[in-house]
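A.B. asks: So that we are looking at the same thing, I have put the structure below in structure tokens.
The values are calculated or read from the model by the stated rules, or taken from the named source; none is laboratory data. As the structure is a computational prediction, the values presented were derived from the model and not from experiment. When we count neighbours, we look across all protein chains shown, and the Cβ atoms used for this are built from the backbone with ideal geometry, even at glycine. Quick note on the areas: whole protein, heavy atoms, side chains included, nothing else; ligands and nucleic acids left out. Shrake-Rupley method; radii C 1.70, N 1.55, O 1.52, S 1.80 Å.
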Amino acid sequence: MNDAHEWHEKFRGPARTSDVDVSAFGIAGRTGGNMDRGTIMQALDERRVLQIGYAGGGPRTIQPHAILRKPDGTELLEAYQVRGFSEGGMEHGWKHFDLARIDFVESREETFEARRDFRPVSSESGVVLKQVRSDAAEMNI
């Protein structure tokens, strides 16, 4: 299997994503929607690229930018997807991932710069719990 589409085709049959063996993709752990939140928080601090599995789909590579909590309590990860599986057909671009639906997460060695087009959500959409820092923010500019 060389791409996310092949992975999805092979594995979309299991009843639960946690039943899928993702070891062939070099992914450290399977958590069935109960992913390691600390890994995401650390990735925001260190601007680390993450590889995730989401809602039973194939692996995705993302640049995490913020975690927000919606008024109904749902927590979302705002991220820019740089490669991998996509149900909507758009492999690249801004996406929101419900933290409860992230099946696995792995921090990569690769780092990234905060995207210039990143705009934290408004207070009407939710409360930003944590977000990536830009170089300017780190230098107090």
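A.B. asks: Given a 1.4 Å probe and heavy atoms of the protein chains only, how would you sort GLU46, GLU113, GLU87, largest accessible area at the top? Display every interim value, and only then the final one.
C.D. replies: Details: GLU46 80, GLU113 105, GLU87 130 Å².
Order by accessible area, largest first: GLU87, GLU113, GLU46.
A.B. asks: To the nearest 0.05, what FRET efficiency results for ARG116 and LYS70 with a Förster distance of 22 Å applied to their C-beta separation?
C.D. replies: Using R0 = 22 Å, I get an efficiency of 0.30.
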